[in-house]
Amino acid sequence: MVAIKKALLPGDGDNKEFLNEVIILTQIHHKHIVKLLGCCLETKTPLLVYEYASNGTLADHLQGTSKSGYVMGWEQRLNVAIQIAEALSYLHRAASPPILHRDIKSTNILLDDHWNAKVGDFGVSRLVPNGEQHISTVVQGTLRYLDPEYFQTLQLTDKSDVYSMGVVLVELITSLKPVDTHHRDPQFSNLALLFLHHLKEEKLDEIIDPRLEMVDNSVAIRSSILLVASLAHRCIALMGRDRPSMIELEHELREILRKLHASEAKDSATVLRFAGALIM
């Protein structure tokens with residue numbers, strides 16, 4: 001099984017994004033980045049062939065459009081967040097030259113049959129010349145995930161990916177669409193603005209995905225969600241200098257997962273002691 005991506009308009013002569021994706025993906029290899037298996041750019045309709053991700057996109061499952069109806073639990077979502085951050089840390093720090101993805105969003109995160117994340121769609125990604133801290137370029141990407149500093153200055157940095165990742169973290173917490181003009185107050189149609197408003201009003205509980213209560217109903221889970229919410233808040237800061245680096249983001253997410261496991265282990269031990277006392 002493979003996945004095939006083809007141009008929407010055959011023969012339009014504009015294959016820049018396809019070619020860019022080939023250039024990027026042939027230079028990198030990471031377990032949480034989708035593998036390019038082959039390509040054909042000489043035909044009227046360019047084709048790219050990838051490994052197949054059987055569980056669709058992250059957006060499918062968060063927004064309830066998946067046919068399976070499966071609800072991802074919180075720990076599963078947290079693991080996906082860590083895997084995305086790990087892949088982006090690799091692009092920013094280990095790839096040579098470094099790579100800025102430029103279009104991180106839940107529809108570009110694929111999930112394999114083991115529910116592992118695969119970052120895809122490198123059509124607008126950019127290589128960063130060694131020694132440079134930013135790239136001056138026209139704005140590209142998806143508006144609702146777009147770094148406002150990049151939008152204003154036209155300077156793309158690694159912190160631009162961090163901002164986009166922050167919006168994805170909010171999606172993982174809420175399962176809400178990144179933009180919704182039909183079901184939300186117009187001034188909060190943008191998910192980042194809605195999230196910031198609820199944080200300020202101390203009403204985050206109102207937008208946490210209620211389905212998580214059915215899957216993961218525990219104090220440890222809620223505490224973990226609040227820690228990720230705090231981290232997401234830092235990621236979507238208006239100024240890049242106030243955001244963590246991607247490697248810092250990855251490390252903090254791993255620490256949140258470690259604390260969650262420690263809390264769950266403690267709770268389990270308490271239940272076992274209580275049960276033992278009842279038996280005696």
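Screening Asp103, Asp112 for residues that are out of contact with any helix residue (DSSP H, G or I) (no Cβ under 9 Å at 6 or more places or on another chain), of a type outside the set (A, V, I, L, M, F, W, C) and modelled with pLDDT of 95 or more leaves exactly one candidate, Asp112.
For every residue, the table says whether it meets (1) modelled with pLDDT of 95 or more; (2) of a type outside the set (A, V, I, L, M, F, W, C); (3) more than 24 Å from Val162 (Cα to Cα).
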{"position": "Lys35", "(1), (2), (3)": "yes, yes, no"}
{"position": "Leu47", "(1), (2), (3)": "no, no, yes"}
{"position": "Tyr50", "(1), (2), (3)": "yes, yes, yes"}
{"position": "Ser66", "(1), (2), (3)": "no, yes, yes"}
{"position": "Ser89", "(1), (2), (3)": "yes, yes, no"}
{"position": "His92", "(1), (2), (3)": "yes, yes, no"}
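Looking only at residues of segment 42-63 that are open to solvent by 50 Å² or more (accessible area, probe 1.4 Å) and not charged (D, E, K, R), we find that the one that is farthest from Ala3 (Cα to Cα) is Gln63. Filtering segment 205-263 to residues that are modelled with pLDDT under 95, outside any helix (DSSP H, G or I) and either surrounded by fewer than 18 Cβ atoms within 10 Å (Cβ to Cβ) or of a type in the set (Lys, Arg) (or both) leaves Pro210, Asn217, Ser218. Of all residues in segment 133-162, those satisfying the criterion of being open to solvent by 30 Å² or more (accessible area, probe 1.4 Å) and in contact with a Lys or Arg (Cβ under 7 Å, 6 or more places away or on another chain) are Gln140, Gly141, Lys159. Which residue out of Val215, Val168, Val162 is over 28 Å from Ile247 (Cβ atoms) and touching a residue at least 12 places away in the same chain (Cβ under 8 Å)? Only one candidate qualifies: Val215. Within segment 93-124, the set of residues being surrounded by 21 or more Cβ atoms within 10 Å (Cβ to Cβ) and more than 29 Å from Arg211 (Cβ to Cβ) comprises Ile99, Leu100, Arg102, Phe122. When the residues of segment 181-204 are narrowed to those that are outside any loop (DSSP other than H, G, I, E, B) and among the polar types (S, T, N, Q), which ends up least open to solvent (accessible area, probe 1.4 Å)? Here the answer is Asn190. Of all residues in segment 114-149, those that are touching a Phe, Trp or Tyr at 6+ places or on another chain (Cβ under 8 Å) and among the hydroxyl-bearing types (Ser, Thr, Tyr) total 1. Each residue in segment 67-90 was checked for being under 14 Å from the mean Cα position of the chain (by Cα) and not charged (D, E, K, R), and 12 of them qualify.
The values are calculated or read from the model by the stated rules, or taken from the named source; none is laboratory data. Since this is a predicted model, take the numbers as computed values, not measurements. Virtual Cβ from ideal backbone geometry, glycine too; neighbours counted across all protein chains shown. The protein model used for the area step is the full one, side chains on, heavy atoms only, and it has no ligands, DNA or RNA in it. Shrake-Rupley method; radii C 1.70, N 1.55, O 1.52, S 1.80 Å.
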